[in-house]
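The values are calculated or read from the model by the stated rules, or taken from the named source; none is laboratory data. The model shown is predicted, which means the values in this text are computed figures rather than measured ones. Here the Cβ positions follow ideal geometry from the backbone for every residue, glycine too, while neighbour counts run over all protein chains shown.
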Amino acid sequence: MAHAYGFRPLTGKDMPLLARWLAEPHVAAWWGDRETELKGIAESIDSISVEPFIMELDGRPIGYIQSYDPHLEDENPYQDQPTGTLGIDQFIGEPVLVGKGHGTQLIAEFVEMLFEEGAPRVIIDPDPANAVAIRVYEKVGFQPLGRRQTEHGEVLLMAIDNEEGDDEE
């Protein structure tokens with residue numbers, strides 16, 4: 001059965017759901033302290049540099065995804081990326097939906113949306129120990145650019161470039 005995936009802007013009403021997801025062991029293992037993450041995500045609702053979304057599967061919320069512009073954030077370690085590059089972070093919050101291929105499809109569709117909006121490149125920075133996430137990103141088409149030290153520890157910076165460029169369809 002084909003699933004319908006979607007993205008809707010995060011609102012304050014979503015915060016209890018995010019709090020529950022951030023407490024799930026499969027999310028907590030790779031995201032920071034729940035209260036710190038919740039505060040940052042809540043602040044992103046009105047941010048100019050971050051766009052937060054709820055990922056939906058067949059109309060119901062299943063996870064969180066955000067895009068951010070590293071060039072609009074002070075001291076972002078990825079300001080060496082081409083102008084217009086957007087970074088993404090995400091997780092599937094519902095444990096029963098992990099490992100079923102939804103992440104690959106959701107990320108691919110989100111990246112395509114960012115490319116349609118004009119992003120020349122999308123980057124992602126998993127923990128090098130998160131082999132499952134890295135495999136998902138590789139399936140989507142992300143290529144490793146190398147390891148970096150950030151304020152959150154060592155990451156594997158990965159990128160996917162918009163092959164369409166400025167071509168009109």
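Out of curiosity, is Ile62 under 18 Å from Trp30 (Cα atoms), among the β-branched types (Val, Ile, Thr) and either modelled with pLDDT of 95 or more or touching a Phe, Trp or Tyr at 6+ places or on another chain (Cβ under 9 Å) (or both)? Spelling it out, Ile62 is indeed under 18 Å from Trp30 (Cα atoms), among the β-branched types (Val, Ile, Thr) and either modelled with pLDDT of 95 or more or touching a Phe, Trp or Tyr at 6+ places or on another chain (Cβ under 9 Å) (or both). Whenever a residue of the stretch 139-160 is at positive phi, its partners that are assigned to a strand (DSSP E or B) and not polar (S, T, N, Q), lying with C-beta atoms within less than 8 angstrom and at least six residues away or across chains, give the pairs Gly141/Ile160; Gly146/Leu156; Gly146/Leu157. The number of residues in the stretch 112-139 being over 18 Å from Tyr68 (Cβ atoms) and either polar (S, T, N, Q) or buried (at least 17 other Cβ atoms within 10 Å of the Cβ) (or both) comes to 3.
Looking at the stretch 49-56, can you tell me whether even one residue there is farther than 15 Å from Gly6 by Cα, surrounded by fewer than 18 Cβ atoms within 10 Å (Cβ to Cβ) and not aromatic (Phe, Trp, Tyr)? Checked the stretch 49-56: at least one residue is farther than 15 Å from Gly6 by Cα, surrounded by fewer than 18 Cβ atoms within 10 Å (Cβ to Cβ) and not aromatic (Phe, Trp, Tyr). If the condition is being of a type in the set (A, V, I, L, M, F, W, C), surrounded by fewer than 16 Cβ atoms within 10 Å (Cβ to Cβ), in contact (Cβ under 8 Å) with a residue 24 or more places away in the chain and under 22 Å from Asn130 (Cα atoms), then the stretch 1-38 contributes only Trp30. Scanning the stretch 71-86 for residues that are free of Cβ contacts under 8 Å to residues at least 60 places away in the same chain and surrounded by fewer than 18 Cβ atoms within 10 Å (Cβ to Cβ) yields His71, Leu72, Glu73, Asp74, Glu75, Asn76, Gln79, Asp80, Pro82, Thr83, Gly84.
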